[in-house]
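The block underneath contains the structure these notes are about, expressed in structure tokens.
Any read-out appearing in this document is the output of simple, stated calculations on the displayed coordinates, not a laboratory observation. Not measured: the values here are computed from a predicted model. All Cβ positions, glycine included, derive from the backbone under ideal geometry; neighbour counts span all protein chains shown.
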Amino acid sequence: MLRHVLNHPRRITQGLFGAILLCIPLRWLCVDIPNERFIFFGIPLGVESFLIPALGFLAFCLIILVLSFKRGRVFCAWLCPMHWYLERVNSSRNPKVQRGRTAVLAWAGALLAIEILASFLWPLSQQMAFIRNPSTRLPALAIGGTGAGLFFLLFFHFKEHFSIRACPYGLIQGVVQGPDTEQMRFSDPENTCIHCGLCDNVCPMNLDAKNECDSLRCTGCGLCEAACNSVLGPDRGLFRMSHPKDREA
Ligand code: SF4
Ligand code: SF4
């Protein structure tokens, strides 16, 4: 299992980004309001040092933007927890299994998302105090409840439709995508496709992989490529991440 993960850099970056997000409920990455400081991976930083995480965040955004020029929706496929979620719930085409997974993971995801947001500002003890004494904190509880409800709706109902049509990063990608951006490509010059449907089954965006992998809807996650290689043999699959120049050749 560990070997399987280590062989997949995308899985490792997804795991690392998930671990960074989990640092927030653990209060290793948060705002410490009473002491007017920022906790940066366990290191307390005063207001005067706040520039360090701010610049780090800016550098991270710039790196993602530059990579997006070159590789397309890298943030989606390599970092975004929503993509991880979609890989889980959309990997089964059995409607009963898909509904069961979605129901369980949507609840878990909504509660975790709201807990991460709340923990960025308040420690768990303070959140529990809110819940124990709701009458004094009605606005905060109403905001928290509405937020959890919206996250549930996002995970349970909108799913990949949000990622395709409304995700802010996806919309930015539509602007930065240029003639030099790599894209997934399907090519079957020798008619070797056996129409097993596995490429469609594994697609987290629920795309018709053969026909839509070169569109902006595709995150370039490479799951269709791996699936096809597993059916037709290593390096014999019909999907490739390719540069526009390769496509012209
Ligand atoms: S996984 Fe490969 S062989 Fe199977 S349908 Fe998709 S392209 Fe064809
Ligand atoms: S078409 Fe392939 S690369 Fe694109 S999102 Fe679907 S599985 Fe990932």
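Points to keep in mind about this one:
- Averaging the sequence gap over all C-alpha pairs within less than 8 Å and six or more residues apart, then dividing by the number of residues, gives segment 182-248 a relative contact order of 43 percent.
- Under 5 Å between amide hydrogens, built in the peptide plane, is the criterion, and for D32 it picks out R37, F38, I39 among residues at least 5 positions away or on other chains.
- Extension reserve of the S135-L150 stretch, reckoned as 0.36 nm per residue once the Cα distance is removed: 3.1 nm
- Cβ-Cβ FRET estimate between H161 and I52, R0 fixed at 41 Å, reported to 0.05: 0.60
- In degrees, nearest ten, helix 138-153 long axis to first principal axis of the chain (Cα): 10 degrees
- The angle between the Cα long axis of helix 95-121 and the main principal axis of the chain comes to about 40°, on a 0 to 90 degree scale.
- Using C-alpha pairs under 8 Å with a sequence gap of at least 6, the mean separation divided by the residue count of the chain gives a relative contact order of 21 percent.
- Using alpha-carbon coordinates, inclination of helix 9-22 to the longest axis of the chain, degrees: 10 degrees
- With 0.36 nm allotted per residue and the present C-alpha distance subtracted, the A19-R99 stretch has 26.1 nm of extension available.
- Paramagnetic reach from S242 (point 7 Å along Cα→Cβ, amide N under 19 Å) across segment 66-81: 70-73
- Projecting label points 7 angstrom from Cα along Cα→Cβ for L65 and I172 puts them 0.7 nm apart.
- Equivalent ellipsoid semi-axes - Cα gyration tensor, segment 182-248, angstrom: 17, 15, 10
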